[in-house]
Amino acid sequence: MKIRGYKLARRHAPVLAQVEASAEQAATLVREQMRERLGTLEIVVTDRAGMEDTVQRAHEDLLGGRSLERHYRYADAVCGCTTIGPNGVLIVINAKACGTDRRETAITLVHELVHGVQYSRAKATGDAVRALHNNYRITALSNRDAQRMNRQVDADEREAKRLEWLARKIR
């Protein structure tokens, strides 16, 4: 698991330190609870603009290095996101949204690690790449596939929300 900061203001350094200190324990808790593996993973701690940059670059690299129109925008209050990149799962944590609330950072880390496990499931990466092709208007999904993928995203979000209680176990 690789953890790094990106364009991180000095005042947000404690969030990076907390993620570095607790990521392995959080990943173990999530893997044990879900009884599934967690693939290759990178965690980036940044701010909202850094989230957009990081996700955009990961998607461009994953989709063949082409320059893509910016598609993903995040509200300032979004604490994190998980996607796939060329080297596996990418978790991006918004240090500004988490702020100094250590509990919020722990919850965000667990929530996003659950999504990391979900991306490690069979067919999940292929579906995610197909969804990105659709979202960036490279290759459209059929209505049936789009509806199936939207239902899966909703189910994945419910699962991640349901397992946020694991954050209380992080020391």
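A few points about this structure:
- Rounded percent of accessible protein surface that carbon and sulfur make up, the chain, 1.4 Å probe: 46
- For the range 46-94: rounded, prolate or oblate by the Cα gyration tensor [a/c cutoff 1.5]: oblate
- Gap separating the Cα centres of the range 1-74 and the range 123-157, nearest whole Å: 21
- Spin-label model, ARG57/ASP101: points 7 Å from Cα along the beta carbon direction are separated by 2.9 nm.
- Solvent-accessible heavy-atom area per residue, rounded to whole Å², over the chain at 1.4 Å: 56
- Taking the Cα centre of the range 72-171 as origin and assigning +1 to Lys and Arg Cβ atoms and -1 to Asp and Glu Cβ atoms, the resulting dipole is close to 180 debye.
- Computed from label points 7 Å out along Cα-Cβ, the spacing between ARG11 and GLU24 is 3.2 nm.
- Proximal lysines relative to LYS7, as straight alpha-carbon distance under 16 Å, when same-chain residues fewer than 8 apart are discounted: LYS96
- Rounded to the nearest 10 degrees, the angle from helix 143-162 to the longest Cα principal axis of the chain is 10 degrees.
- Whole-Hz ³J(HN,Hα) from phi, Karplus 6.51 cos²θ - 1.76 cosθ + 1.60, for the range 74-85, glycine and proline x: 10, 6, 4, 7, 5, 7, x, 8, 10, 8, 10, x
- Helix 13-34 axis, angle to the chain major axis (alpha carbon atoms, nearest 10°): 70
- Helical mean residue ellipticity (222 nm; -39500 (n - 2.57) per DSSP H run of 4+; nearest 500) of the chain: -17500 deg cm²/dmol
- Farthest positive-ward along the range 28-171 dipole, Cα basis, beta-carbon charges - from THR108, TRP165, ASN94: TRP165
- Using alpha-carbon coordinates, inclination of helix 124-135 to the longest axis of the chain, degrees: 70
- Here's the list of lysines a cross-link from LYS161 could span, going by alpha-carbon distance under 18 Å and ignoring same-chain residues fewer than 8 apart: LYS169.
- If R0 is taken as 30 Å, the Cβ-Cβ distance between LYS169 and ARG4 corresponds to a FRET efficiency of 0.75.
- Each Cα pair under 8 Å and six or more residues apart adds its sequence gap; the mean of these over the residue count of the chain is a relative contact order of 26 percent.
- When the square roots of the Cα gyration tensor eigenvalues are ordered a ≥ b ≥ c, the ratio a/c for the chain is 1.5 or more and a/b does not exceed b/c, which makes its shape oblate.
- Put a plus charge on the Cβ of each Lys and Arg, a minus charge on the Cβ of each Asp and Glu, and nothing anywhere else: the dipole of the chain about its Cα centre is then about 160 debye.
- Ranked by the mean number of other Cβ atoms within 10 Å of their residues, highest first, the peptides 2-15, 45-58, 146-159, 107-120 fall in the order 107-120, 45-58, 2-15, 146-159.
- Between ASN150 and ALA49, the FRET efficiency from the beta-carbon distance, with R0 = 22 Å, is close to 0.20.
- Between ASP76 and THR125, the modelled label-to-label distance comes to 3.8 nm, taking each label 7 Å out from Cα in the direction of the beta carbon.
- Residues whose amide H lies under 5 Å from that of GLY39, counting only those 5 or more places away or on a different chain, are SER120; hydrogens are built 1.01 Å from N in the peptide plane.
The values are calculated or read from the model by the stated rules, or taken from the named source; none is laboratory data. Remember, predicted model here, so these are calculated numbers, not experimental data. In this analysis, Cβ positions are derived from the backbone assuming ideal geometry, glycine residues included, and neighbour counts consider all displayed protein chains. Note: areas computed on protein heavy atoms with side chains; ligands, DNA, RNA excluded. Shrake-Rupley method; radii C 1.70, N 1.55, O 1.52, S 1.80 Å.
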